[in-house]
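Working notes, structure below.
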Amino acid sequence: MKLSFLLNGEPQVIEDVEPTTSVLDWLRVNKRLTGTKEGCNEGDCGACTVIVIDENGARAVNACIVFLPQIANKALRTIEGISTLDAPHPAQQCMIDHHGSQCGFCTPGFITSMVAAQINNDTNHDVTLAGNLCRCTGYAPIFRAAQACEGTKSPKWFYDDQSDLRTLAQSVDAKLPTTTDELANILAEEPETTLIAGATDVGLWINKDLRDIAPMAFIHNITEMEHITEHSDHWKFGANVTIEQMRVWSVDAQASLTPLLTRYASTQVRNSATLGGNIANGSPIGDSPPALIAMGAKLVLLKKDTTRTIDLQDFFIAYGHQDLQSGEFVQSILIPKNQNNLRCYKISKRFDQDISAVCGAFNLHIKDGMVQGARIAFGGMAGIPKRAKHVEACLTGQKWDMNTIKASHDQWSQDFKPLTDMRASADYRLSVARNLLTRYFYDLSDNPTEIQEVSA
Amino acid sequence: MSVNKPLPHDAAKLHVSGSARYIDDLPVPDDCLHLCFGTSTIARGSIQEMDLTTVRNSDGVIDILQASDLVHANDVSPSIHDEPLLSDGTIHYLGQPIFLVIAKSHIQARKAASRVKISYQQDSPILSIEDALAANSRFEEGPRIWNRGDLKRGFEQATKIAEGSIEIGGQEHFYLEGQAALALPQEDDEMVVHSSTQHPTEVQHKVAEALGVQFHNVRVEVRRMGGGFGGKESQGNALAMACAIAAHRTNKPCKMRYDRDDDMLITGKRHDFRITYRAGVDQHNKIIALDVVHYARCGWAQDLSLPVADRAMLHADNAYFLPNVRIESHRLKTNTQSATAFRGFGGPQGVLGMERIMDHLAHDLNTDSIAFRDVNYYRPAVAAEHDTTHYHMPVQDFNLQDMTTKLLADCDFENRKQAIERWNADNHIMKRGIAFSPVKFGISFTLSHLNQAGALVHVYSDGSIRINHGGTEMGQGLFQKTAQVAAEEFGVSINAIKITATDTAKVPNTSATAASSGSDLNGMAIKIACENVKTRMAELLAAQYNKSPDDVAFIKNEVHIGRRVLSFGDAAKACYEQRVSLSATGFYKTPDLEWDRIRGVGKPFYYFAYGAAVSEVVIDTLTGEYRILRADILHDAGNSLNPAIDIGQVEGGYVQGAGWLTTEELVWDDHGRLRTHTPSTYKIPAMSDRPREFNVNLWDRGNLKPTIYCSKAVGEPPFMLGISAWLAISDAISNCGPAYPNLDAPATPERVLKAVERVQNGL
Ligand SMILES: Cc1cc2nc3c(=O)[nH]c(=O)nc-3n(C[C@H](O)[C@H](O)[C@H](O)COP(=O)(O)OP(=O)(O)OC[C@H]3O[C@@H](n4cnc5c(N)ncnc54)[C@H](O)[C@@H]3O)c2cc1C
Ligand code: FES
Ligand code: FES
């Protein structure tokens, strides 16, 4: 593989490097740029946060789970590249002034996250910094620092990088397909190819399970799969749409998804993770499938010379087993529009950046106080994301009130036999799933149920 | 004036630019080798057969070491030599290092280590408190028991008795920088070790033992750690020894850092406890009888468990006078990671136990929980007579009455409490809670001889100053505080002072930077060293200008000799030219300590540090989720050396303490495998978990004891203020019905929901 990209403004051309070398290792070991830290090597701490710039803008990502091919043709900025010693970036000065560093190990990651947020003019610091862990400060001074440097102008290097990218030699490689046809061909030849989209799952196979994933193909360059397009009754999401793209889209288009998507991992992970990956991995605890199933989403699967469209709920057959044929890949996801009654609830130990113990999505069609139709889907309750068919049946045709909800009590255990693991017990999962229907009832009737909205 | 100023951390500029170096950032020669442990996959048993062929044939592997290859001591223990670096064939916990891979890169070492094939003879592991009690598996011959007063009579006189039990989970340190070490072999059998350790002297000793050399052959250097919290007091020994042994064997630099999952699987954590209690109060709501039993799960090796469990006993009173009391402490040996030091060192478990008892009693007495605490506080410092603790130490600096009054007024407690009651009456799904908790924390190492420190101060002939001491910097701001002391002493500005890496070749025989003692001990040692240099300078300058040394003053970068004024640099130059030594050591030991840990009698502490907090939370009674809405803290740092650093310790301590009691849950399965060995499963607080409104103030009265500028230690005590958040959750739950919530820790959403259901069902 021959890759070219910018590192702190300097063009780089690299060859002879394992495609599964993480940007973090390359920076620290090959370039001896040690400002970017390794705190976990699994995307959870943000100590390795770097900024990736392309024509779409700047985004913070976790360098430990970004592989070199993923930054091909892009510009990379590390803590070493955001300022000079004489002219610190305002985020740096604010962190000093507000005592935002103690041991300092998390600090470069916080600064790079802050700088990226600033370029994007995003001042929701609880969200933009949710993926940066600090064990020393208790966050209060970091938050103050972030507030203090709000409104700073984007640094000159951001614009320089964007314009320099236009003249950068493009990286080309057979394993970096740019069209769905190329990808279909790769899979036709070698169906066992591991596809890498955002690498937020695959990265862990490599870093933690020490797995050899060859042969592999990096699919993030397939631009035709990175758009959200509006159609008469549905939205079409290319498989490469990132969760962050989807989150931003949801604010105006489907606001009931926003809180869920905002709690999906962290800004850094959302900037990498794709919707296609979140579905294709078949995880029973992925956060998008329950909501998408509750909305009645469809999946478009592509293979050399054939396309088929299936209901998303049918894609998940059993734990680890999806309806994905040899040589097939997820091309897009079709989401029906205007799901006014959709509500999604994610339950986890920690509010931000945690994997769901239970993730429930409710979408009831209620007319004249009666339940006309119900789609309820859950993650974390079975080996696959799954609908609560018994509960749905029990509610449908009934008056929408607490009595009906109470009457559905015993149906939950018909639908779900959840597991006990380190995230939650089977009992808890079942009680919470049940209780979430009550929350949904209050939620739809505008009774406050959201602890996030309570203030002292 | 440098002292009392809110100066930034000494390395703040380096932190924000990414140029502060941690072990893994140090430039190393290209031939540096990298190490990784192969670890056990069972919790108890013995190795039957180990096939290392694939490990050996793995890419980049240079060598593999097993216990039989260790020529000298195979022991990383900081206490009783019960902790082999590499297993001798017996397996004591899941994650125990068995062999050591030496390879050309970190990733190659990890990959190779994962390829081992081992067959075991498995024994059933001792995991729980019940398992350990049934097998009488413990450290020390039996429980430690301390008594004071007449418990039987106390209970006879009691008008109300509460009984209960609380489970208190452990805690993973999750220092952001994992454990790491680098050994550089030198000529003539010397070894230089860079270690991310709070205890360079112990690393020096352990490395020397492992190499079979005298202590003077090993030099250990620590510039900074990316967090320690007690997790690097003894847990870094293994890596430093492994590096030194491998470096000695290969004659190449060797580096080792744990991958995060390995770090969490291999190293010790905070001890989890069960505390059972029976407490009686008299008609004035005074506690007159308390019978407490501590069960501590210590893991497989003794490590620091005895002093940890002792400190839990020492803090079983928290802030309350206990006339008749019995404390029994079981130190249980289990086939799990060897629990170790963690901020508070057992104190938090003891304090939480007592605060639980106070909460339970106040609930059952149906009395105001703050008034109830106030009635039971020790008598204040100003009182004519003083109470003694259950270990017979007079409490002569107690100030929580005043601190409590001020905090409650500052945070508008009464009005808020009423507003919360009204809000709760209107809300059925969500409930709010508010709670207060105090802390009294004893300052000193309970192993009295550790309370000593040395320092080294050089004044150069241009007036610049370099200081060094035995304390290590892990983020707590010790280096800046001691620099402020030196600047204050010499009357120079802070940038005249250069602080240098902790180094066993500069200051020998140091104690761990632990027990919150860092600035008390090292600050004092620096001050004494500065005074030694100043005395010599003053004597010379006074003689030169025909004055008495008393007429010499060091102020504002100048030296005043009567009416003559020299710049500090010129004064230093003058002294140099007159052949005055401008370098001195300083040595300090804490006075007035005596302690008999077996009888539980004496004066183990020099003084107490105090704090008080109010937390407000909201819970969701459908899911058990919660938020900390607001926290108000008043903390006693004495005459603060650096209020910005101290407030940072308080804020950070509170959030870490609240994390311990809320989302941070360690889960082991039936095989003894830690299931929460990654940050994706073990959840420390994130940005949005901090209290939305967070007001921290320092109680600005000086220490009554002549500590360094009458400041107080601040590292550990604020950790326990997080208990107020847990109590607030319990308070919110108790709004769901009349029963006592009996909340365990950590109060995960699951535990909260269970407690809500119990209270709703009146159980
Ligand atoms: C720190 C962290 C936090 C996380 N938090 C959450 C969370 O809160 N909620 C949640 O749901 N998930 C979470 N995840 C999991 C992860 O982010 C998602 O599963 C993610 O959406 C995967 O997308 P990706 O593009 O990164 O997939 P990749 O890792 O690139 O691929 C995942 C799998 O999908 C396959 N694949 C990818 N694209 C396609 C395609 N178009 N067609 C066919 N197969 C394809 C890959 O071959 C692979 O098997 C988290 C992960 C991390 C590291
Ligand atoms: S190292 Fe923790 S997120 Fe990358
Ligand atoms: S300052 Fe130590 S982890 Fe943030």
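The values are calculated or read from the model by the stated rules, or taken from the named source; none is laboratory data. Keep in mind it's a predicted model, so treat the numbers as computed, not measured. Every residue, glycine among them, receives a Cβ derived from its backbone with ideal geometry; neighbour counts consider all protein chains shown. Note: accessible area is taken over every heavy atom of the protein model, side chains too, but ligands, DNA and RNA are not part of it. Shrake-Rupley method; radii C 1.70, N 1.55, O 1.52, S 1.80 Å.
Residue A:308 passes every criterion in (1) away from ligand 2 (no atom under 16 Å from the Cβ); (2) touching a residue at least 12 places away in the same chain (Cβ under 8 Å) apart from (2). For the stretch A:430-442, a residue qualifies if it is over 11 Å from residue A:405 (Cβ atoms), open to solvent by 10 Å² or more (accessible area, probe 1.4 Å) and either at pLDDT below 95 or at the interface with chain B (Cβ under 9 Å from one of its Cβ atoms) (or both), and exactly one does: A:431. Picking from residues in the stretch B:170-220 that are within 14 Å of another protein chain (Cβ to nearest Cβ), among the aliphatic types (A, V, I, L, M) and in contact (Cβ under 8 Å) with a residue 60 or more places away in the chain, the one that is farthest from ligand 1 (Cβ to nearest atom) is B:182. Within the stretch A:321-344, the residues that satisfy the criterion of being closer than 23 Å to residue A:303 by Cα and either hydrophobic (A, V, I, L, M, F, W, C) or at pLDDT below 95 (or both) are A:324, A:329, A:330, A:333, A:334, A:335. A single member of B:650, B:618 is under 23 Å from residue A:135 (Cβ atoms) and modelled with pLDDT of 95 or more, and it is B:650. Within the bounds of the stretch B:212-230, is there any residue that is under 22 Å from residue B:99 (Cα atoms) and surrounded by fewer than 24 Cβ atoms within 10 Å (Cβ to Cβ)? Looking for residues that are under 22 Å from residue B:99 (Cα atoms) and surrounded by fewer than 24 Cβ atoms within 10 Å (Cβ to Cβ), one finds at least one in the stretch B:212-230, hence yes.
Okay, residues lined up against (1) assigned by TED's automatic domain parsing to the domain that holds residue A:297; (2) among the β-branched types (Val, Ile, Thr); (3) closer than 19 Å to residue A:318 by Cα:
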{"site": "A:365", "(1), (2), (3)": "yes, no, no"}
{"site": "A:369", "(1), (2), (3)": "yes, no, no"}
{"site": "A:378", "(1), (2), (3)": "yes, no, yes"}
{"site": "A:427", "(1), (2), (3)": "yes, no, no"}
{"site": "A:438", "(1), (2), (3)": "yes, yes, no"}
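Suppose we filter the stretch A:249-285 for residues that are among the hydroxyl-bearing types (Ser, Thr, Tyr), away from ligand 3 (no atom under 16 Å from the Cβ) and within 14 Å of chain B (Cβ to nearest Cβ); how many remain? Final tally of qualifying residues: 4. Taking the stretch B:70-113, which residues are within 14 Å of chain A (Cβ to nearest Cβ), in contact (Cβ under 8 Å) with a residue 12 or more places away in the chain and out of contact with any strand residue (DSSP E or B) (no Cβ under 6 Å at 6 or more places or on another chain)? Matches in the stretch B:70-113: B:104, B:108, B:111.
Scanning the stretch B:7-29 for residues that are assigned to a loop (DSSP other than H, G, I, E, B), touching a Phe, Trp or Tyr at 6+ places or on another chain (Cβ under 9 Å) and at the interface with another protein chain (Cβ under 7 Å from one of its Cβ atoms) turns up B:9, B:11, B:20, B:22. Restricting attention to the stretch A:331-350, does a residue exist that is more than 14 Å from every other protein chain (Cβ to nearest Cβ) and within 17 Å of the chain's Cα centre (by Cα)? Yes, some residue in the stretch A:331-350 is more than 14 Å from every other protein chain (Cβ to nearest Cβ) and within 17 Å of the chain's Cα centre (by Cα). Within the stretch A:352-382, being within 11 Å of ligand 1 (Cβ to nearest atom) and within 14 Å of another protein chain (Cβ to nearest Cβ) holds for A:352, A:353, A:354, A:355, A:356, A:359, A:380.
Each residue in the stretch B:287-318 was checked for being on the phi < 0 side of the Ramachandran plot and either free of Cβ contacts under 8 Å to residues at least 12 places away in the same chain or assigned to a loop (DSSP other than H, G, I, E, B) (or both), and 8 of them qualify.
Restricting the stretch B:669-684 to residues that are open to solvent by 10 Å² or more (accessible area, probe 1.4 Å) and within 9 Å of another protein chain (Cβ to nearest Cβ), the residue that is farthest from the chain's Cα centre (by Cα) is B:669.
Note on the stretch A:166-178: residues that are open to solvent by 20 Å² or more (accessible area, probe 1.4 Å) and either more than 16 Å from ligand 1 (Cβ to nearest atom) or within 14 Å of another protein chain (Cβ to nearest Cβ) (or both) total 8. For the stretch B:639-656, indicate whether the set of residues that are of a type outside the set (S, T, N, Q) and not in a helix (DSSP H, G or I) is non-empty. Yes, that holds for at least one residue. Within the stretch A:115-156, being open to solvent by 30 Å² or more (accessible area, probe 1.4 Å), of a type outside the set (Lys, Arg) and in a helix (DSSP H, G or I) holds for A:143, A:147, A:148. Does at least one position in the stretch A:77-100 carry a residue that is more than 16 Å from ligand 1 (Cβ to nearest atom), out of contact with any Lys or Arg (no Cβ under 8 Å at 6 or more places or on another chain), more than 7 Å from every other protein chain (Cβ to nearest Cβ) and among the basic types (Lys, Arg)? Yes, some residue in the stretch A:77-100 is more than 16 Å from ligand 1 (Cβ to nearest atom), out of contact with any Lys or Arg (no Cβ under 8 Å at 6 or more places or on another chain), more than 7 Å from every other protein chain (Cβ to nearest Cβ) and among the basic types (Lys, Arg).
Scanning the stretch A:17-52 for residues that are over 18 Å from the mean Cα position of the chain (by Cα) and among the β-branched types (Val, Ile, Thr), we see that the one that is nearest to ligand 3 (Cβ to nearest atom) is A:36.
From the list A:47, A:72, the lone residue that is within 13 Å of ligand 1 (Cβ to nearest atom) and either buried (at least 24 other Cβ atoms within 10 Å of the Cβ) or under 20 Å from residue A:177 (Cα atoms) (or both) is A:47.
Considered as a group, the residues in the stretch A:38-70 that are more than 7 Å from ligand 2 (Cβ to nearest atom) and part of a loop (DSSP other than H, G, I, E, B) include one that is farthest from the other protein chains (Cβ to nearest Cβ), and that residue is A:55. Pairs meeting the criteria (first residue in the stretch A:41-61 and farther than 17 Å from residue A:74 by Cβ, second residue part of a strand (DSSP E or B), beta carbons under 6 Å, at least 6 apart or on different chains) are A:43/A:62. For the condition under 20 Å from residue A:196 (Cα atoms), open to solvent by less than 10 Å² (accessible area, probe 1.4 Å), of a type in the set (S, T, N, Q) and at pLDDT 95 or above, residue A:288 qualifies.
Across the stretch A:23-37, which residue is farthest from residue B:177 (Cα to Cα) among those that are open to solvent by 10 Å² or more (accessible area, probe 1.4 Å) and in a loop (DSSP other than H, G, I, E, B)? Taking the candidates together, the pick is A:31. The set of residues in the stretch A:215-261 that are assigned to a loop (DSSP other than H, G, I, E, B), touching an Asp or Glu at 6+ places or on another chain (Cβ under 9 Å) and over 17 Å from residue A:288 (Cβ atoms) comprises A:215, A:220, A:222. For the stretch B:45-59, filtering for residues that are open to solvent by 20 Å² or more (accessible area, probe 1.4 Å) and either of a type in the set (Asp, Glu) or touching a Lys or Arg at 6+ places or on another chain (Cβ under 8 Å) (or both) leaves 5.
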